[in-house]
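Below is one structure, written out as structure tokens; comments come after it.
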Amino acid sequence: MDVSGLNVLNRKLEVYHYTSPEGLMSILDEMTLRFSDCQFFNDTSEYTFINTPLEHALKRVKLKNPDLVYETDSWLDDQYEYPTADNKGMARYYVFCMSLDPDSLHMWNYYVKGKSYQGYNIGLSSDQITDYLGKLKIDNLDFMCGPVHYEPEEQISLILDLLEQEDAILSLRRKRIREKGIESDEPFRRAKDNIDEELERFRLFFKDRAFRDEHEFRFVLKVPVDFEGNDLLIRGTSVKNGVIAPHIDLKIKSEFIRSVTVSPMMDADLAKTGVELFAERKGYRSFEIKKSKIPIRY
Amino acid sequence: MTIDIKADGTDLTMTLGGRLDTTTAPQLEAAIRTNIAGVEKLVFDFEDLDYISSAGLRVLLSVQKIMNKQGEMIVRHPNESVSDVFEVTGFSDILTIEE
């Protein structure tokens, strides 16, 4: 495992949610971020994409405890309801997608109507939202965040790290047990549980390399199925491509919003003025409103 | 993962619970970025930390480098699971650990 040379504390503090004009108005109006149920992603194969790097990793890995690899059938499970850590119930994953790129032509291209760009992005403080979500003390609610991994070698490497770490620990624990003259499958079960849990988490942050220009960053909530919601996390449903899809709206604070950027468009000045007037009417004071710097040629 | 933070002058204690891995390490990084300035003694209490992965170890290593310059860092009460990870990765030789 290489743990040198990575200054993980120097990551960017701002992340960008690309959206339609209606989406922007809704966020500013309601001061909420909408987390989508992972079973209802636009690309329904996304949740099972991990099978590809997992199969490669399993072919490559050399473990001292090969019985770990024989359990692969259950690792390739694609259930959308997942047991909570304490086994008191089941949970579902809700995802809010952003980009690390503040002005991405790739992302603006999702918001083309006719021949014109009609998108906006909202710059959000990742640290403030992370801190806020981390303080939500709700039983069995779990929170994850981070960049999406696109490169196959990086995905395989993360899986190999996991397998090798659990393999080394399993060897250590089996040795201790042998020395005590005890027979127990507990070390194996613990290793398998950790691998199951971590793969389940990885799958929410792995995507095909074809999407690498999105530079996606995600917030993920693991929410017990019996959680009814509260003032900050509001359960709801919406229609998405004709399908009734569950979502969770997270109430945020106005200071989390750092900027709004207008996509490259014919009337960018007018669009910027529109956002300024809307923000002023809604009482926002603190965020910057910018125009995309991408020179679009027609 | 849960992070409870207590500051006392230049001492800072972070009590972690749950899993510290690729998907929660950014949460710890954010907490460190927000709170590390001026800290001379940083204590991580791992009593309720169930699991740590290589991504979690990377954060610890980065924080250790910072604290080597501005003070000291102590890891307290790691449970058996976390202690085993420290042992097999050699981190038990790098970190100051108090049982």
Residues of the stretch A:267-277 being touching a residue at least 12 places away in the same chain (Cβ under 8 Å) and exposed (fewer than 13 other Cβ atoms within 10 Å of the Cβ), in sequence order, are A:ASP269
Output yes when any residue across the stretch A:124-141 is hydrophobic (A, V, I, L, M, F, W, C), without any contact (Cβ under 8 Å) to a residue 60 or more places away in the chain, open to solvent by less than 10 Å² (accessible area, probe 1.4 Å) and within 11 Å of chain B (Cβ to nearest Cβ), and no when none is.
no
Could you grab the pairs with beta carbons closer than 6 Å, sequence gap of 6+ or different chains, first residue in the stretch A:180-192 and of a type in the set (A, V, I, L, M), second one in a loop (DSSP other than H, G, I, E, B)?
none
Within the bounds of the stretch B:6-15, is there any residue that is open to solvent by less than 10 Å² (accessible area, probe 1.4 Å) and closer than 18 Å to A:LYS137 by Cα?
yes
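Quick one: in the stretch A:209-250, which of the residues that are among the polar types (S, T, N, Q) and outside any strand (DSSP E or B) is surrounded by the fewest Cβ atoms within 10 Å (Cβ to Cβ)?
Looking only at the stretch A:209-250, we keep the residues that are among the polar types (S, T, N, Q), and these are A:230, A:237-238, A:241.
Checking which are outside any strand (DSSP E or B) leaves us with A:230, A:241.
Values: A:ASN230: 11, A:ASN241: 7.
Once the filter is applied, the top-ranked residue is A:ASN241.
Quick test for you: out of A:TYR117, A:TYR82, A:TYR70, pick the one residue that is aromatic (Phe, Trp, Tyr) and open to solvent by 60 Å² or more (accessible area, probe 1.4 Å). Even if it seems obvious, please write down each step before you answer.
Working: A:TYR117 fails: open to solvent by 60 Å² or more (accessible area, probe 1.4 Å); A:TYR82 fails: open to solvent by 60 Å² or more (accessible area, probe 1.4 Å).
So the residue among A:TYR117, A:TYR82, A:TYR70 that is aromatic (Phe, Trp, Tyr) and open to solvent by 60 Å² or more (accessible area, probe 1.4 Å) is A:TYR70.
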Among the numbered conditions (1) under 24 Å from A:PRO187 (Cα atoms); (2) away from chain B (no Cβ under 14 Å), tell me where A:LEU170 comes up short.
(2)
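The values are calculated or read from the model by the stated rules, or taken from the named source; none is laboratory data. Since the model is a prediction, treat every value here as computed from it, not as a measurement. Heads up, the Cβs are rebuilt from the backbone with ideal geometry, glycines too, and the neighbour counts pull from every protein chain shown. Ligands, DNA and RNA are stripped out before the accessible areas are found, and what is left, the full protein with its side chains, is counted by its heavy atoms. Shrake-Rupley method; radii C 1.70, N 1.55, O 1.52, S 1.80 Å.
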